[in-house]
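For reference, the structure is listed below as structure tokens.
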Amino acid sequence: MALKTVICIGMAGSGKTTFMQRLNSHLHAAKTAPYVVQLDPAVLNVPYGANIDIRDSVKYKKVMENYNLGPNGAIVTSLNLFSTKIDQVIKLVENKRDLHDYCIIDTPGQIECFVWSASGSIITESFASTFPTVIAYIVDTPRNSSPTTFMSNMLYACSILYKTKLPMIVVFNKTDVCKADFAREWMTDFEAFQEALKEDQELNGESGMGSGYMGSLINSMSLMLEEFYSQLDMVGVSSFTGDGFDEFLNAVDKKVVEYEEFYKAERESLLKRKEEEEKARKDKSLTHLMKDLGLKDDQNPKAKSDSNDEADVISDLEEEEEGEHDGIVLRDEDEGVEREYTFAGDERTNGEINGQSAPNLQKRYQEALEQVAKSASSETAENIARYIRQ
Ligand SMILES: Nc1nc2c(ncn2[C@@H]2O[C@H](COP(=O)(O)OP(=O)(O)OP(=O)(O)O)[C@@H](O)[C@H]2O)c(=O)[nH]1
């Protein structure tokens, strides 16, 4: 069976580490020991055995001292340092792909340090482009029993879904304290959620839920969330008792099928599009280079027709301005613009400032270009062009 990756993400204190610990022991008991990756550089004790632990490669306290950073900055920097070695990490996991069915990944408690940082994206992307990858979004169920907190948390989950573009399972943890039935109901019945919101507002002595901007904001957000809920699975688990973990693993299998059918194709087409854009960008730069070196790009028939709507370069500016002002900046008076700061008694014509001959930029640029054209043999230029094209 192919190795699949589960990345555990969740708000601070939602129970990610305890969830990882339980998932690890659950999989061990089912004789499918997972490959475990620990990515929280600031954690003191980890209650499970990790195959890869970020703390072995990056010392969080040293990062704080050396770079003079606060706690969150040090977490992001530690992740940045770690992500420079991500290819080696992926290789290590790849080497073990025949021995494990699951690779489970714990992330830092400061969710934004991982989800919204460049290194978090690099790490997620690297795993997702090598193995089928699923996000487990851990929610603290008792703390989300109020409809407004619930909605805020779901909006956050929604933003993570659109950021990572990976299949997601919302895991309602701590069901030993509070059952997750209310969440299931709110996620499937729009009216039940509206009713709960109304009750909650009345309980807090706030009216106006059904009118004004708050009412319409909440209504439209709940409608948007309805669309979002249709994209994900939810399970209730207790990391203390182990309840719901079989259901969670079934949801992972389901999401892996979805990943293969939908997300993989989507990711591949995205990568292809990026590649094509990059190629087009390189072709454009090449055309500019050829133009600047005074060469015709025979191999690119589009080059000539394209040249008018290409990105702006200094030479374009020179062409446009030529004959208009001949490089002379209009005086404030001539432009009819009153500026607060001008050089007193300055006649800014022909580049004369304070009696000294100021450099005429256009002229100098033209001379430099001509010199380049003279000194660089056309053969060298062709070589450069061929090299870039390759
Ligand atoms: N009752 C109950 N408590 C839980 C459960 N899972 C976690 N906890 C408690 O929730 C608290 C936070 O758990 P952690 O696993 O440290 O949470 P975390 O998300 O890893 O925390 P950070 O990484 O520090 O953000 C701890 O006190 C746990 O004992 C659960 O299923 N039931």
Seminar exercise, completed: When every residue in region 82-112 that is crowded, with 19+ Cβ neighbours inside 10 Å and within 16 Å of the ligand (Cβ to nearest atom) is compared, the one farthest from the chain's Cα centre (by Cα) is 104
Problem set entry | Counted residues, region 1-36 - those being in a loop (DSSP other than H, G, I, E, B), on the phi < 0 side of the Ramachandran plot and in contact with a Ser or Thr (Cβ under 8 Å, 6 or more places away or on another chain) | 0
Problem set entry | Unique residue being free of Cβ contacts under 8 Å to residues at least 60 places away in the same chain and hydrophobic (A, V, I, L, M, F, W, C) when the list is 3, 23, 44 | 44
Exercise. Which pairs have Cβ atoms under 8 Å, sit 6 or more apart or on different chains, and link a residue in region 27-38 that is touching a residue at least 12 places away in the same chain (Cβ under 8 Å) and over 15 Å from residue 3 (Cβ atoms) to one that is part of a helix (DSSP H, G or I) and open to solvent by 40 Å² or more (accessible area, probe 1.4 Å)?
Worked result: 38/55
For this session: Identify all residues within region 7-27 that are farther than 14 Å from residue 102 by Cβ, more than 6 Å from the ligand (Cβ to nearest atom) and surrounded by fewer than 22 Cβ atoms within 10 Å (Cβ to Cβ); write none if there are none.
Result: 11, 21
Exercise. Within region 120-148, how many residues are more than 16 Å from the ligand (Cβ to nearest atom), farther than 25 Å from residue 97 by Cβ and of a type in the set (Val, Ile, Thr)?
Worked result: 1
Exercise. What are the residues in region 229-244 that are within 13 Å of the ligand (Cβ to nearest atom), open to solvent by 20 Å² or more (accessible area, probe 1.4 Å) and of a type outside the set (Gly, Ala, Ser), if any?
Worked result: 240, 241, 243
Exercise. Got at least one residue in region 232-248 being at pLDDT below 85 and not basic (Lys, Arg)?
Worked result: yes
For this session: Specify which of the listed residues (138, 160, 169) is under 17 Å from residue 19 (Cβ atoms), assigned to a helix (DSSP H, G or I) and open to solvent by less than 30 Å² (accessible area, probe 1.4 Å).
Result: 160
For this session: Would you mind finding the one in 79, 44 that is part of a loop (DSSP other than H, G, I, E, B), within 16 Å of the ligand (Cβ to nearest atom) and hydrophobic (A, V, I, L, M, F, W, C)?
Result: 44
Problem set entry | Selected residue (only one of 277, 261, 226 is under 20 Å from the mean Cα position of the chain (by Cα) and either away from the ligand (no atom under 16 Å from the Cβ) or open to solvent by 80 Å² or more (accessible area, probe 1.4 Å) (or both)) | 277
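This table checks each residue for (1) hydrophobic (A, V, I, L, M, F, W, C); (2) under 29 Å from the mean Cα position of the chain (by Cα).
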residue	(1), (2)
149	no, yes
157	yes, yes
162	no, yes
170	yes, yes
176	no, no
Exercise. Pick from region 60-81 the residues that are among the polar types (S, T, N, Q) and touching a Phe, Trp or Tyr at 6+ places or on another chain (Cβ under 7 Å): which of them is most open to solvent (accessible area, probe 1.4 Å)?
Worked result: 77
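The values are calculated or read from the model by the stated rules, or taken from the named source; none is laboratory data. Predicted model, so just to flag it, every value in this text is computed and none were measured. Cβ coordinates were reconstructed from backbone atoms using ideal geometry, including for glycine residues, and neighbour counts include every protein chain displayed. Areas reflect the complete protein model, heavy atoms only, side chains present, ligands, DNA and RNA absent. Shrake-Rupley method; radii C 1.70, N 1.55, O 1.52, S 1.80 Å.
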